[in-house]
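So the structure is just underneath, and the comments pick up after that.
Derivation of every value follows stated rules applied to the coordinates shown; laboratory data play no part. Note that this is a predicted model, so its numbers are computed, not measured. Glycine also receives a Cβ, built like all others from the backbone with ideal geometry; neighbour counts cover every protein chain displayed.
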Amino acid sequence: MSILIKNGRVIDPAQNIDGHYEILIEGKKIRGVYPKAKGPKTDKIIDASGCIVIPGLVDMHAHLRDPGFEYKESIRTGTMAAVRGGFTSVCCMPNTNPVNDNKTVTEFILRKNYAEGACFVYPIGAITKGQKGEELAEMGMMKEAGCIAFSDDGRPVTNSLIMRRALEYSKIFNVLIISHCEDLKLSEGGVINEGFISTTLGLRGIPKAAEEVMVARDIALAGLTGGRLHIAHVSTEGSVRLIRDAKERGISVTAETCPHYFCLTEDAVNNYNTSAKVNPPLRTERDVEAVKQGLKDNTIDVIATDHAPHHIDDKYNKEFDAASFGISGLETAFSLGLKLVEQGVLSLKQLIMKMSVTPSGIIGIPKGTLAEGADADLAVIDLSGEFIVEPDRFLSKGKNTPFKGWQLKGAVLKTVSKGKIYEWE
Amino acid sequence: MMLKSKDLLGIKDLSAEEIINILDTAAVFKDVLARDIKKVPTLRGKTVVNLFFEPSTRTRTSFELAAKRLSTDVVNFSVPASSIAKGETLKDTALTIQALGADFVVIRHGSAGVPHFLSSVLKASVINAGDGSNEHPTQALLDLFTIRSSKENIEGLTVAIIGDVAHSRVAKSNIYGLTKLGAKVRLIGPPTLMPAAINNLPVDIYNSMEEGIRGADVIMTLRIQLERQNRGFFPSLEEYFKLYGLTGDRLKLAKDDAMVMHPGPINRGIEISTDAADGPRSVILEQVTNGLAVRMAVLYLLSGVKE
């Protein structure tokens, strides 16, 4: 079947396109981009009047919880949430049960996604067996099975020698090592940012240094080894500074942040609001400004979601200390990103770069473009369309979000993924 | 005048007027406790549930007796043996208590914020009997009551709080209460035991015991949890006592009529020496007695607050 997408403003930074074009999709591929009113006649037409048409977003940091924690999320619901948010490619972290530390689990994820996933899923394999930080996992076989990067996710590799080996060994395959930077001794028992709010709430704080110490270590190891390092969810001013400095020195490091680190401060946890409990924790206004500056000057390359869906019993019906860390982020990420455009931090093109083109390039997948021959992955978004965040209407099983009730702009009206059209009012 | 909220979650949320109101009411109940028959029918027919997730004989007994002196029925919900240990959620526990028909829930929990959570779920009045490192409001109220009993006016007093402020809910509640009533608060201890950004509050911080207690009107020593030593907050109990122990000699640096307070139970020879703990300036046992009167006042005042 062929589909023509008409009347939209097509923005494809990869081809440096921004204007009114028509896009022809045949089957699961893009067959052409035509000037306005010049596209071929087709049976099926998508009218994108008043909307932007962009490459499907690419999330390089999500948790799909499948296998093992399907009560929190499954590949089916997680990918549905993704397309609802305009994402057509999602990289899933290995902290499943069993851990994705061998090719059998990788193959399971890919096979399950083939059967029931609404979008592309790219597994991230564990760096070490069982995410225990002791022995390297079989990166070669996992890469061959389909892993696009390696990370021990929320369990940082504390042993510096093992981290060195991982960065060295990964060079055989030219794959990315993604680091969750946290010194577990410094953050031990902490649940929110360390500062006056942790004191007034009586909650154990996580100092910014817990993140920065590890960012500094990993940058040193990347410099030593020449391996490709990617710093996950940057949250502090100091981390931004360290990464900026490392890039200036030519070290192979890239970085991401998440919408909550540029939209919220630690104030969001007041009244013991577990919705805003994330790891790393929400920081201060200064850090938020530094993260924005880092996005602006490309110190921070990517906006990822760190989509972390949780069941209500794990997130809400618990004491703050015991509640799970994380935000269900796929369905709000683009609209929260648009705030950066409104604030003049990024241009719309830059936002799209950081949410599709750049992550595709970093992990090495042929996504993030509407070029002829590319997969037919795209999103139709009404930039002025306003909506209120209603977690109960999330397609993700995870209804945990601190953005409940926020009025946002940028409604995703249609997503084309794997050749299928998903549409919403 | 009644309290504004149906709950007592912390001193942080109270106004100075509300604090004074509680202290005045406690004075009336202290007279009741001095009588031959120490009981009034004020809250007959009401039910208090003591919900203690952490062991605390003192505070629980104090609440229990205070409730009984007001003629309420008291139920002690002993938690380690209950369903929580079997994995019941906090919300389910709260709803179970609600179904039992409690009018007051006195809650002690190791995690900060649990009383706040219960207050959002329950119609009953929730009284915080200590939550993690957050607050212990009735302890601060009884401390304020004790100070007022001997000093009349709290405004203008210099109060030195010594020790593990970082982990002490008693210290936190006292800082809020004392500063709201116009006292000057000094915190004394090693930097490892000071909470982050505590200087955002109107307090002065001293790492030297001698400098900190010089000229103080009130000296509050805090309990040192013995396991803190193993966690690297200070090198040894001996060194702690040498640097921050309250001894008779050090007490001489304070004002002549300085009061010595401690929330109990005391570690003799660690945070306080025997001569200081048992000396003429010590009001440690008076604090315990005053705790009853203050808790009666809190129950009484909250009983009049309608949602």
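Using equal-weight Cα scatterers in the Debye expression, the normalised intensity of chain B in log10 at q = 0.12 Å⁻¹ is -0.78. Sequentially through the range B:209-221, phi angles give Karplus couplings (6.51, -1.76, 1.60; θ = phi - 60°) of 4, 4, 5, x, 8, 4, x, 6, 8, 9, 10, 10, 9 Hz, Gly and Pro residues having no value and appearing as x.
Using only alpha carbons, the range A:258-304 has a radius of gyration to Kirkwood radius ratio (Rg to Rh) of 1.01. Here the Debye sum runs over all C-alpha atoms of the protein assembly as shown as equal scatterers in vacuum, and log10 of I(q)/I(0) at q = 0.06, 0.08, 0.09 Å⁻¹ comes out as -0.44, -0.73, -0.86.
Using a Gaussian network for chain A with springs between C-alpha atoms less than 10 Å apart, which of these wobbles most: A:Glu73, A:Glu331, A:Glu390? In this elastic network of chain A, the residue with the biggest mean-square fluctuation among A:Glu73, A:Glu331, A:Glu390 is A:Glu390. Shown for A:Lys36, A:Lys318: other C-beta atoms within 10 Å of each C-beta, ranked fewest to most, produce the order A:Lys36, A:Lys318.
Dipole size of chain A about its Cα centre, with +1 on Lys/Arg Cβ and -1 on Asp/Glu Cβ: approximately 900 debye, rounded to the nearest 20. For B:Lys184, the residues 5 or more places off, or on other chains, whose built amide H falls under 5 Å of its own are B:Gly156, B:Leu157, B:Thr158, B:Val159.
What's the angle, to the nearest 10 degrees (0 to 90), between helix A:237-248's Cα axis and the longest principal axis of chain A? Around 70 degrees separate the two axes.
Legend: P(r) of the range A:132-270 from all alpha carbon pair distances, 10 Å bins from 0, whole percents, reading 12, 40, 31, 15, 3, 0. Placing unit charges on each Cβ (+1 for Lys and Arg, -1 for Asp and Glu) gives the protein assembly as shown a dipole about its Cα centre, and among B:Ser5, B:Thr57, B:Gly177 the Cα reaching farthest toward its positive end belongs to B:Ser5.
Ranked by how many other Cβ atoms sit within 10 Å of their own Cβ, fewest first, the residues A:Met141, A:Met163 fall in the order A:Met141, A:Met163.
According to the Kirkwood relation over distinct C-alpha pairs, the hydrodynamic radius of the range A:347-425 is 14.5 Å. The calculated pair-distance distribution of chain A uses every alpha carbon pair, bins of 10 angstrom beginning at 0, and gives 5, 23, 33, 27, 10, 2, 0 percent. The amide H of A:Ile327, built 1.01 Å from its N in the peptide plane, has A:Ala308 as neighbours under 5 Å, considering only residues 5 or more places off or on other chains.
Looking at the range A:1-111, what % of the alpha carbon pairs are farther apart than 25 Å? In whole percent, the long-distance tail amounts to 39. The residue among A:Ser328, A:Ser360, A:Asn317 whose Cα reaches farthest toward the positive pole of the charge dipole of the range A:299-425, with charges on the beta-carbon of Lys, Arg, Asp and Glu, is A:Ser360.
Placing unit charges on the Cβ atoms only, positive for Lys and Arg and negative for Asp and Glu, gives the protein assembly as shown a dipole magnitude near 840 debye about its Cα centre. Computed from the Kirkwood radius of its Cα pairs, the Stokes-Einstein diffusion coefficient for the range B:192-307 at 37 °C and 0.692 mPa s stands at 204 µm²/s. At q = 0.24 Å⁻¹ the log10 of I(q)/I(0) for the range B:40-128 amounts to -1.29, computed by Debye summation with a single uniform scatterer per C-alpha, solvent ignored. Using only the C-alpha atoms, the convex hull of the range B:141-252 corresponds to 98 Å³ per residue.
Sorted largest first, the principal axis extents computed over the alpha-carbon atoms of the range A:283-425 equal 52, 38, 31 Å. Between the Cα long axis of helix B:137-151 and the first principal axis of chain B there is an angle of about 60°, rounded to the nearest 10. Determine the relative contact order of the range B:109-164: mean sequence separation of Cα pairs under 8 Å and six or more apart, normalised by residue count, in whole percent. 26 percent.
Computed from the C-alpha gyration tensor, the three semi-axes of the ellipsoid equivalent to the range B:180-245 are 22, 14, 10 Å, from longest to shortest. With θ taken as phi - 60° and the Karplus curve 6.51 cos²θ - 1.76 cosθ + 1.60 applied, the whole-hertz 3J(HN,Hα) list for the range A:199-211 is 5, 6, 8, x, 9, 5, x, 10, x, 4, 4, 4, 7 Hz, x standing for glycine and proline. Residues whose amide H falls under 5 Å from that of B:Met220, counting only those 5 or more places apart or on a different chain, are B:Ala160, B:Ile161, B:Ile162, B:Met261, with hydrogens built in the peptide plane. Taking θ as phi - 60° and the Karplus parameters 6.51, -1.76 and 1.60, the scalar couplings of the range B:45-60 work out to x, 8, 10, 10, 10, 8, 10, 10, 8, 10, x, 7, 5, 5, 5, 5 Hz in sequence order, x denoting glycine and proline.
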